[in-house]
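Reviewing the structure listed below.
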Amino acid sequence: RIFKMMAKRNVEIDVYTYNSLLLAAAENGKWEEALDLLRSMKKANKNHEPLRPDRISYTTAISACGKAGRSKEAMKLLDESIKSGVKVDEQILAVVINACGRAGEIDAALDVWKSMRENKIEPGVRSYTSIIDACCRVGDTDIALELFHLMQEEGVEADAAAWNCVVSGFAAGRNPATAALLLRQMKQNGFEPSKETLADLHTCLELSDKGFDSEEWAEIVGMQ
């Protein structure tokens with residue numbers, strides 16, 4: 001329908017057009033639609049000649065699959081992008097790691113992470129956050145914290161998303177002491193916890209038997 005409307009208005013249908021549609025599909029959680037768009041752009045039809053998906057096309061389609069927890073589809077798209085000659089970079093691998101993490105497939109996430117090192121692709125804050133989140137999702141908070149410290153040692157500056165990820169991970173893992181310590185460090189670095197992180201922290205407090213009283217916790221979180 002969109003293509004017909006564009007054709008009537010003599011709007012050129014190119015890779016940029018498809019990437020815009022892929023982004024819309026990804027943002028609305030329509031992973032199947034994203035895959036259909038990717039297949040459509042590679043085939044000739046009355047609207048256009050065969051088009052070659054670029055790095056943005058694959059990254060966006062993988063992101064759509066990742067948000068839906070479709071890690072197998074994400075991995076297939078990664079393989080397809082490599083075979084098509086797309087240069088794999090830190091951004092696209094971070095999206096694949098995120099997809100594996102959302103599906104709870106920590107081994108696959110770690111394999112992709114290791115492949116970055118093996119292929120001398122420097123990890124940035126996005127890929128670090130993705131692998132830390134993957135570890136937290138399956139309860140491997142010790143590994144998550146090691147990776148968080150490694151990120152800082154390697155000079156990769158943690159952003160708000162990275163801090164929220166590790167704080168929330170320990171809160172969800174019912175480790176209030178470490179969560180509180182990380183929260184203090186987070187605030188000292190000029191970042192504030194998100195609403196989701198605060199919710200995890202309060203739930204952690206309610207279920208904890210570590211002796212935090214409400215006034216102490218409120219002071220830590222910054223509610224007073």
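Below is a table of values for the structure above.
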item	result
Among (1) modelled with pLDDT of 70 or more; (2) open to solvent by 70 Å² or more (accessible area, probe 1.4 Å) - the single one ALA172 does not satisfy	(2)
Residue match in the range 169-180 (condition: among the small types (Gly, Ala, Ser) and within 18 Å of SER71 (Cβ to Cβ))	no
Residue match in the range 198-213 (condition: at pLDDT 95 or above, touching a Leu at 6+ places or on another chain (Cβ under 8 Å) and buried (at least 19 other Cβ atoms within 10 Å of the Cβ))	no
Residue ID - nearest to the chain's Cα centre (by Cα), chosen from residues in the range 161-178 that are of a type outside the set (Gly, Ala, Ser) and within 23 Å of ARG126 (Cα to Cα)	CYS165
Spans of helices (runs of 4 or more DSSP H) in the range 84-164 with at least 2 residues touching a Lys or Arg at 6+ places or on another chain (Cβ under 8 Å) and open to solvent by less than 20 Å² (accessible area, probe 1.4 Å)	90-102
The one condition in (1) modelled with pLDDT of 85 or more; (2) open to solvent by less than 80 Å² (accessible area, probe 1.4 Å) that ARG39 fails to fulfil	(2)
Candidates LYS83, LYS76, LYS87 - the one that is under 16 Å from TRP31 (Cα atoms) and among the charged types (D, E, K, R)	LYS76
Residue pairs meeting the criteria (Cβ under 6 Å; at least 6 apart or on separate chains; first in a helix (DSSP H, G or I), in the range 50-71; second open to solvent by 10 Å² or more (accessible area, probe 1.4 Å) and among the aromatic types (Phe, Trp, Tyr))	ALA64/TRP31; CYS65/TRP31
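The values are calculated or read from the model by the stated rules, or taken from the named source; none is laboratory data. Here the structure is a predicted model, which means the values were calculated and not measured. Here the Cβ is made from the backbone with ideal geometry for all residues, glycine too, and neighbour counts use every protein chain on show. We work out accessible area using only protein heavy atoms, side chains counted, and drop any ligands, DNA or RNA first. Shrake-Rupley method; radii C 1.70, N 1.55, O 1.52, S 1.80 Å.
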